[in-house]
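**Student:** Quick one: the structure is below, questions incoming.
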Amino acid sequence: SQKSPLYSCDVTKDDEIKSVFDKVTQDFGALHFLVHCVAFAKKEDISGRTVDTSRDGFHLAHDVSAYSLIAITKAAEPLLEKEGGSIVALTYLGSEKVVPNYNVMGLAKASLESSVRYLAADLGKKNIRVNGISAGPISTLAARGISGFTTMLENHRNRAALGRNVEVEEVGNAAFFLLSPLASGITGEIIFVDCGYRIMGA
């Protein structure tokens, strides 16, 4: 069986983004879906107080975590519009609620979610859909970098309507749905896959 190609890309560099999609064009000619799942912030900016966020840290978090969606969507647009396509971005509840130690990443995710809506409006006439998935906390390498993450997992499990944490497969299933023709009438939405955590009051 043919192996899937891997393309290296630093999303803060426009020339690398262009290079990736030039290679995709050469290798495939068209693109049907795109998943954005990249985020980064300086460790000191996802601990302590949000008010202490540095200008450079703010810029870096937004560049990697939010602007990158716009940049890769622009580069992918000619490939996606050939047959229509779907874009999914991963986000988190810290975009709209205060989550301890999420700080500047919450601000960046709010920007990302707004970008989902604006991009959906830009690209809808080309039959390109753009949506987001707001997943509950999952123990990934990146998530474990957030101070107090273990407590976050415990709190989520205790308060979620389903009484448990979300599984990676459940987020993947939601992404598959949004990328597929089953979600052909859905765009500009943020779908919560968090075992019902968001709906619960204090």
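**Student:** I'd like to know if the stretch 95-102 contains one or more residues that are closer than 22 Å to residue 67 by Cα, aromatic (Phe, Trp, Tyr) and assigned to a loop (DSSP other than H, G, I, E, B).
**Tutor:** yes
**Student:** Among all residue pairs at least 6 apart or on different chains, which show Cβ distances below 7 Å where the first residue, located in the stretch 148-170, is within 17 Å of residue 134 (Cα to Cα) and of a type in the set (S, T, N, Q) and the second is at pLDDT below 95 and open to solvent by less than 90 Å² (accessible area, probe 1.4 Å)?
**Tutor:** 165/136; 165/137; 165/153; 165/156
**Student:** Continuing with the same structure: Pull out all pairs, ordered by first then second residue, where Cβ-Cβ is under 7 Å, the residues are six or more apart or on different chains, the first lies in the stretch 94-121 and is aromatic (Phe, Trp, Tyr), and the second is open to solvent by 20 Å² or more (accessible area, probe 1.4 Å).
**Tutor:** 102/46; 102/146
**Student:** Next up: Quick one: residue 73 ticks every box in (1) touching a Gly at 6+ places or on another chain (Cβ under 7 Å); (2) under 20 Å from residue 186 (Cα atoms) bar one, so which box is it?
**Tutor:** Here residue 73 clears every test but (1).
**Student:** Which residue, of 197, 118, is surrounded by 15 or more Cβ atoms within 10 Å (Cβ to Cβ) and either closer than 22 Å to residue 67 by Cβ or in contact with a His (Cβ under 8 Å, 6 or more places away or on another chain) (or both)?
**Tutor:** Step by step, each of 197, 118 is checked, and only 197 is surrounded by 15 or more Cβ atoms within 10 Å (Cβ to Cβ) and either closer than 22 Å to residue 67 by Cβ or in contact with a His (Cβ under 8 Å, 6 or more places away or on another chain) (or both).
**Student:** Does any residue of the stretch 54-67 turn out to be basic (Lys, Arg), farther than 28 Å from residue 185 by Cβ, part of a loop (DSSP other than H, G, I, E, B) and open to solvent by 20 Å² or more (accessible area, probe 1.4 Å)?
**Tutor:** no
**Student:** On to the next question. Just name the residue that is modelled with the lowest pLDDT out of those in the stretch 1-38 that are of a type in the set (D, E, K, R), part of a loop (DSSP other than H, G, I, E, B) and open to solvent by 60 Å² or more (accessible area, probe 1.4 Å).
**Tutor:** Restricting to residues being of a type in the set (D, E, K, R), part of a loop (DSSP other than H, G, I, E, B) and open to solvent by 60 Å² or more (accessible area, probe 1.4 Å), the top hit is 3.
**Student:** Okay, next question. Among the residues in the stretch 157-173, are any open to solvent by 70 Å² or more (accessible area, probe 1.4 Å) and within 21 Å of residue 50 (Cβ to Cβ)? Before the answer, list the steps.
**Tutor:** First, the residues of the stretch 157-173 that are open to solvent by 70 Å² or more (accessible area, probe 1.4 Å): 157-159, 162, 164, 167-169, 173.
So of that shortlist, the ones also within 21 Å of residue 50 (Cβ to Cβ) come out as none.
No, there is no match, as no residue in the stretch 157-173 is open to solvent by 70 Å² or more (accessible area, probe 1.4 Å) and within 21 Å of residue 50 (Cβ to Cβ).
**Student:** Inspect all residues belonging to the stretch 129-148 and state whether any of them is of a type in the set (Lys, Arg) and over 21 Å from residue 64 (Cα atoms).
**Tutor:** yes
**Student:** Of the residues in the stretch 116-152, how many are in a helix (DSSP H, G or I), modelled with pLDDT of 90 or more and under 19 Å from residue 193 (Cα atoms)? Can you show your working first?
**Tutor:** Of all residues in the stretch 116-152, those in a helix (DSSP H, G or I) come to 116-126, 143-145, 149-152.
Narrowing the set further to residues that are modelled with pLDDT of 90 or more leaves 116-126.
Checking which are under 19 Å from residue 193 (Cα atoms) leaves us with 116-117.
Qualifying residue count, the stretch 116-152: 2.
**Student:** Looking for something among the β-branched types (Val, Ile, Thr), part of a helix (DSSP H, G or I) and under 20 Å from residue 12 (Cβ atoms) - is there at least one such residue anywhere in the stretch 81-89?
**Tutor:** no
The values are calculated or read from the model by the stated rules, or taken from the named source; none is laboratory data. Predicted, not measured: the structure shown is a model, and the values here were computed from it. A quick note on method: Cβ atoms are made from the backbone with ideal geometry, for glycine too, and the neighbour counts reach across all protein chains shown. Surface areas here come from the heavy atoms of the whole protein model, side chains and all, with no ligands, DNA or RNA. Shrake-Rupley method; radii C 1.70, N 1.55, O 1.52, S 1.80 Å.
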